[in-house]
Amino acid sequence: MLTFTPSSLVKPAGTAIGAGIRQVLGRVAAVTEPTITPALVSTFAPSGTLRASINLGNPILANRDPGTGEPVGVSIDLAREFARRLGVPVELVLFEKAAASVETVRADGADIGFFAIDPARGEGLRFTAPYVLIEGSYLVRDDSPVTDNAQVDATGHRISVGSGSAYDLFLTRETAYAEIVRLPGAPAALAALRAGEVEVAAGIRGVLEGEADRAPGVRVLPGRFMVIQQAMGTPAGRGADAQALLAEFVELMKASGFVGDSLRRHHIDGGTVAPAA
């Protein structure tokens, strides 16, 4: 029988534990230590390998190392850590768009995935509580009269979004007057704004800020229009025990500092560690 041990908290003999570390230890103590049985390992990795669906279209969570081309990021770190604790190898199933990543897990083409929580994605999937929170914001051209988020949803405005993204799903429900223009990914949505094909582009705040820094002509509106809750998920058919194990794993990874350390290691400023469930 295997148990989870927060290895990131193991200290060399004689190391003084300061107040900050004691607080972290207190949070971890409050999180139930999951127990992994052989049956649960088989449930999560029936092929003997844990298949993790990874969306490379969200650079806050996953990207390619510019030097090696290998996938890196917090979702990949979590996938590898979960596989390590299960005692099985991991296979990263890579996608450029969230919708394809979601559909693969829903169809049992992968064992776990990393998605934004949204009611439109609930069928066939079971989510944990979020591990990272990301702001969704708007980008406009410098000459736009729009200065506030509340001004975006207006007749005559076109908002470009990456098709199937969390902000596409949210705006589809919430937008009353503006037209949503769905394009194949964030780069296309941003290009449409610069080309004058839309008045507003919606997306992850960190990505929009990077676009504004890349070249003059566009600006990010203050604040946010939504908070994107990034969670782990499994196919619904894997059962309640598997869902509970994954949920407990996510809580432990937040409380132990694993998620925060991963964000810092990958130099991510656009996401914050979600609070405990």
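The values are calculated or read from the model by the stated rules, or taken from the named source; none is laboratory data. As the structure is a computational prediction, the values presented were derived from the model and not from experiment. Every residue, glycine as well, gets a Cβ built from its backbone with ideal geometry; the counts of neighbours run over all protein chains shown.
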Among the listed residues VAL72, VAL161, VAL146, VAL105, which satisfies the condition of being out of contact with any helix residue (DSSP H, G or I) (no Cβ under 7 Å at 6 or more places or on another chain) and assigned by TED's automatic domain parsing to the domain that holds ALA212?
VAL146
Scanning the range 198-226 for residues that are touching a Gly at 6+ places or on another chain (Cβ under 9 Å) and of a type in the set (Asp, Glu), the one farthest from ASN63 (Cα to Cα) turns out to be GLU199
Residue among ALA83, ALA98 that alone is surrounded by 24 or more Cβ atoms within 10 Å (Cβ to Cβ) and outside the structural domain of PHE170 (by TED's automatic domain parsing)
ALA98
Taking the range 136-154 and keeping residues surrounded by fewer than 20 Cβ atoms within 10 Å (Cβ to Cβ) and either in contact with a strand residue (DSSP E or B) (Cβ under 9 Å, 6 or more places away or on another chain) or among the basic types (Lys, Arg) (or both) leaves ARG141, ASP142, SER144, VAL146, THR147, ASN149, ASP153
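Of everything in the range 237-248, what is out of contact with any Ser or Thr (no Cβ under 8 Å at 6 or more places or on another chain) and either in a loop (DSSP other than H, G, I, E, B) or surrounded by 16 or more Cβ atoms within 10 Å (Cβ to Cβ) (or both)? Give them in sequence order.
Once the filter is applied, which keeps residues that are out of contact with any Ser or Thr (no Cβ under 8 Å at 6 or more places or on another chain) and either in a loop (DSSP other than H, G, I, E, B) or surrounded by 16 or more Cβ atoms within 10 Å (Cβ to Cβ) (or both), the range 237-248 yields only LEU245.
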Among the residues of the range 107-134, what is the count of those that are charged (D, E, K, R) and surrounded by fewer than 19 Cβ atoms within 10 Å (Cβ to Cβ)?
2
Go through the range 35-57 residue by residue and tally those that are part of a strand (DSSP E or B) and of a type outside the set (A, V, I, L, M).
4
